[in-house]
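Here's the structure we're looking at; comments come further down.
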Amino acid sequence: MGNCCSDEVSHAGAHHVGAAAAKAASAASAAADRFLRSRGAGASTQIELSLSASNLGDQEYFPKSNPMVVVYSKRRDGALEEIGRSEVILNSLNPFWTTKISVQYQFEVLQPLVFQVFDIQQQFHDVSEKMLKLEEQEFLGEATCLLSEVITKRDRLLTLKLGVSDHNLLNPNKFGELTVQAEESSGSKAIMEMIFRCSDLEIKDLLTKSDTFLLISGISDSGMPVPICKTEVRKNDLNPRWRPVILNLQQIGSKENPLIIECFNFSSNGKHDLVGKIVKSVAEMENMCHKKNGENFFVPASNAHECHSKEVLKSQLYVEKYVESNRHTFLDYISVGCQLNFMVGVDFTASNGNPRLPDSLHYIDPSGRPNVYQKVILEVGDVLQYYDPAKRFPAWGFGARPIDGPCSHCFNLNGSAYQPEVDGIQGIMSAYISALRNVSLAGPTLFGQLISTAMAIASQSLADNQQKYFILLIVTDGVVTDFQETIDAIIKASDFPISIVVVGVGGADFKEMEFLDPNKGEKLESSTGRVASRDMMQFAPMKDMHGTGVSTLQSLLAEIPGQFMTYMRTRETQTIS
């Protein structure tokens, strides 16, 4: 979880530093979990849009033009929110605007953009662009696209036809073209890698283990901490040494900006307890590394009347390694043609209920309202489909009995004996509805064969030197019964270009499924004693919602770029010139 490293978790612990401090620590940790899950590893980065246009307007009506472009983001409710404006280019029907429009790219959500071009009337040429009233200007045309449509192009360049929406224009075919080019902020490539360790951690509650992790936060202009990333949990260790932490310049703003490094004792209930904290800039931590100096942790005073005092601990934090470098990013890989391929596995076990009855999770509403399975597939598929030019998606079902056959734990939704792929998201929807008519719901809930089938496709793609990474979405209403077979398949799959996202639907108690989520459970171990080579598996029930309206599916998708980058960096399967 987060931009800096993997996030293993372990057993509960406690460190009481006073009621006020404990409450603050719990709130900070909870906020970090929500923030990091909603952003994911490498999922959010600053993009600068460069804009140009050609053949603006119908030259019969607009022989001369002083164009300016206004860029909007389109919210879910359809409302437009202005992002920025270009400068005005005088007397040009083929303008190249130099003003760059900044937008925050987030992998896990669709980001519709609207571009409106205006001819600025001569009497307003002395008015600042920001102060111009658009209703007083001549409208030249509009174009729309998704940000993901731009950044998935090899050169991150997309040309759009300018047209009309609700504006009354004379000839909608003569309004030229708008070209959008995206460039990632250079700060996202400049990275600082650090290895932290601690000595003599003070865990005051002797009945608990020392299962600690570090949380690194920036400080906003208002003085509030802004979580950036956190380390994995080191189990039962009073002198922990964590995996390398990777920060980029975009995250921290400047090496001189202060950062808060907090050490927490992990608790499985999410209420992690503060061990201690320090406040240091990256420049100061670099100096700590060179001088091999440690920094003492402190904790806030437990007495509410001593809010400005602190207790300095004997526990110390060391920076064992500090290295600066430039690295390729997720979008670098995408821009040179690496594809994300979507796969789906749907639970057809009898616990879903009779599909012909309205209380079934598989009920197909005649009104067209999607059921919960369709909602999950549509929301995840709508995001991922733009990263796959062919849009041919393997789709399987499990836990059903075909006509006159035994129960199958991995069958092609389209009914084909050989080919699991369908065309586009609507192809998945059609195959799913067709399968409901042609199979009998059965059981039990088994994942092993499904994961192995998806892994075989990823393995073959790797053998063929294809630039592909696979995301298998499994939607289920129950708890798996083939625990060890599922774990064995997951651990084997961790060596291949694939991530697995499991979403629980319905009212079942999914507590036993938390073993699938490395953010909540123990490290998975195969029947032969192997552990996963990386974090590539996630689970969450649909009923989970995060603060600030971030959906379960968005938080799961936000993890994908980090898992992708971990695979690419460790395997070095991609070369970027």
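Among the residues of segment 286-305, is there at least one that is within 26 Å of residue 562 (Cα to Cα) and either open to solvent by 80 Å² or more (accessible area, probe 1.4 Å) or at pLDDT 95 or above (or both)? So far as segment 286-305 goes, yes, one or more of its residues are within 26 Å of residue 562 (Cα to Cα) and either open to solvent by 80 Å² or more (accessible area, probe 1.4 Å) or at pLDDT 95 or above (or both).
Before we move on, is residue 462 touching a residue at least 12 places away in the same chain (Cβ under 8 Å) and open to solvent by 50 Å² or more (accessible area, probe 1.4 Å)? Answer is yes for this residue.
Considered as a group, the residues in segment 221-250 that are of a type in the set (S, T, N, Q) and open to solvent by 50 Å² or more (accessible area, probe 1.4 Å) include one that is nearest to residue 211 (Cα to Cα), and that residue is 236.
If you filter segment 471-528 down to residues that are more than 18 Å from the chain's Cα centre (by Cα) and of a type in the set (Ser, Thr, Tyr), you find that the one that is most open to solvent (accessible area, probe 1.4 Å) is 528. Pairs linking a residue in segment 497-521 that is of a type in the set (Asp, Glu) to a residue that is modelled with pLDDT under 85, with Cβ atoms under 8 Å and 6 or more positions apart or on different chains, are 514/520; 514/521.
Taken over segment 386-409, the criterion of being open to solvent by 30 Å² or more (accessible area, probe 1.4 Å) and closer than 21 Å to residue 500 by Cβ is satisfied by 386, 391, 392, 409. Looking across segment 369-405, the residues that are part of a strand (DSSP E or B) and touching a Pro at 6+ places or on another chain (Cβ under 8 Å) come down to 394, 395, 396. The strands (runs of 3 or more DSSP E) located wholly in segment 408-483 that include 2 or more residues which are farther than 26 Å from residue 523 by Cα occupy 421-423, 439-441. Note on segment 72-164: enclosed strands (runs of 3 or more DSSP E) holding 1 or more residues that are at pLDDT below 95, open to solvent by 60 Å² or more (accessible area, probe 1.4 Å) and out of contact with any Lys or Arg (no Cβ under 7 Å at 6 or more places or on another chain) are 101-106, 138-146, 157-161.
The values are calculated or read from the model by the stated rules, or taken from the named source; none is laboratory data. Source: prediction; values computed, not measured. Don't worry about glycine lacking a Cβ; one is built from the backbone with ideal geometry, like all the others, and counts go over all protein chains shown. Heavy atoms of the whole protein, side chains included, go into the accessibility calculation; ligands, DNA and RNA do not. Shrake-Rupley method; radii C 1.70, N 1.55, O 1.52, S 1.80 Å.
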